[in-house]
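The structure appears right after this line, and notes come after that.
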Amino acid sequence: MKTRYEGLFIFPETLEEEQLDQAIDAVKVEIEKLDGSLESTTRLGKRSFARPLKKKKGGIYTIIVFELDGLQIDALKLRLKLATNVFRVQFMKKDEADVVQEADVAQEADVAQEA
């Protein structure tokens, strides 16, 4: 059974726009290789770290929402570590209640913009 996950991916801040696109596409390919399906991608932009990590001061943050079998999440972590330009990654399960709540917030924001 597939579970919905939200992945926070941090890419090196030295990547150019084209390189960042390629890195995000590589992550998407790795998810699809494990029979996962993508839902959305949100770029949050460059952010500074609270303290230096591995001699780096910041990174480019991206959130990818996807569905994947829960048994495959460790395999995905290993693949990302070996094959992509991902500096750090964190996965969180997304419950149906979270999805409904986000849809309601987005709908309220659309109504507020129209008014």
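In segment 1-24, what residues are among the basic types (Lys, Arg) and either under 10 Å from PHE87 (Cβ atoms) or crowded, with 16+ Cβ neighbours inside 10 Å (or both)? Matches in segment 1-24: ARG4 only. Within segment 1-39, the residues that satisfy the criterion of being free of Cβ contacts under 8 Å to residues at least 40 places away in the same chain and either of a type in the set (A, V, I, L, M, F, W, C) or assigned to a loop (DSSP other than H, G, I, E, B) (or both) are THR14, GLU16, VAL29, ASP35, LEU38. Would you mind stating whether GLY70 is exposed (fewer than 14 other Cβ atoms within 10 Å of the Cβ), at pLDDT below 85 and among the small types (Gly, Ala, Ser)? Against the criterion (exposed (fewer than 14 other Cβ atoms within 10 Å of the Cβ), at pLDDT below 85 and among the small types (Gly, Ala, Ser)), GLY70 qualifies. If the condition is being at pLDDT 85 or above and surrounded by 14 or more Cβ atoms within 10 Å (Cβ to Cβ), then segment 78-115 contributes ARG79, LEU80, VAL86, PHE87, ARG88, VAL89, PHE91. Tallying residues that are within 17 Å of PHE91 (Cβ to Cβ) and of a type in the set (A, V, I, L, M) within segment 30-55 yields 4.
The values are calculated or read from the model by the stated rules, or taken from the named source; none is laboratory data. Model, not experiment: these values are computed from the prediction. We place every Cβ from the backbone using ideal geometry, glycine too, and count neighbours over all the protein chains shown.
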